[in-house]
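A quick write-up on the structure given underneath.
The values are calculated or read from the model by the stated rules, or taken from the named source; none is laboratory data. No experiment lies behind these values; they were computed from the predicted model shown. Cβ coordinates were reconstructed from backbone atoms using ideal geometry, including for glycine residues, and neighbour counts include every protein chain displayed.
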């Protein structure tokens with residue numbers, strides 16, 4: 001097997017594994033429960049391994065599922081980080097504060113300097 005499975009199958013598996021529920025995974029992904037179940041089944045067929053132990057009213061990760069899940073989660077995290085770097089979007093966003101010079105000088109600037117590692121030039125409005 002040298003072909004990667006479709007990303008949607010992996011997303012369905014990861015969400016179902018996190019929630020241990022096809023229904024909750026479907027709600028998170030905005031698809032139907034049967035869609036998640038079908039995508040997970042297609043992934044299992046693709047891999048030749050059962051990823052879940054299906055019980056009457058519960059879902060449990062199989063040994064193969066427990067081994068595969070961290071790899072899938074790390075792959076999604078790597079894609080998320082790479083996308084943030086590529087697009088220049090990270091968790092820090094610029095804000096504009098309009099205040100008088102005394103407030104900025106004596107309160108905001110000292111608080112800001114002690115609470116963040118990012119250096120910023122304050123320009124009074």
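Just a few scattered comments:
- Residues of segment 29-39 satisfying the condition of being in a loop (DSSP other than H, G, I, E, B) and surrounded by fewer than 15 Cβ atoms within 10 Å (Cβ to Cβ): 30, 32
- The set of residues in segment 19-41 being touching a residue at least 24 places away in the same chain (Cβ under 8 Å) and at positive phi consists of 20 alone.
- For segment 92-121, the tally of residues that are outside any helix (DSSP H, G or I), exposed (fewer than 11 other Cβ atoms within 10 Å of the Cβ) and modelled with pLDDT of 80 or more stands at 2.
- Residue 42 meets the stated requirement of being modelled with pLDDT of 95 or more and either assigned to a loop (DSSP other than H, G, I, E, B) or surrounded by 11 or more Cβ atoms within 10 Å (Cβ to Cβ) (or both).
- Options 60, 49: the member that is modelled with pLDDT of 95 or more, loosely packed, with under 15 Cβ neighbours inside 10 Å and in a loop (DSSP other than H, G, I, E, B): 49
- Qualifying residue in segment 15-28 (condition: in a strand (DSSP E or B) and either at pLDDT 95 or above or touching a strand residue (DSSP E or B) at 6+ places or on another chain (Cβ under 6 Å) (or both)): no
- Restricting segment 1-27 to residues that are under 14 Å from residue 73 (Cβ atoms) and surrounded by fewer than 17 Cβ atoms within 10 Å (Cβ to Cβ), the residue that is nearest to the chain's Cα centre (by Cα): 18
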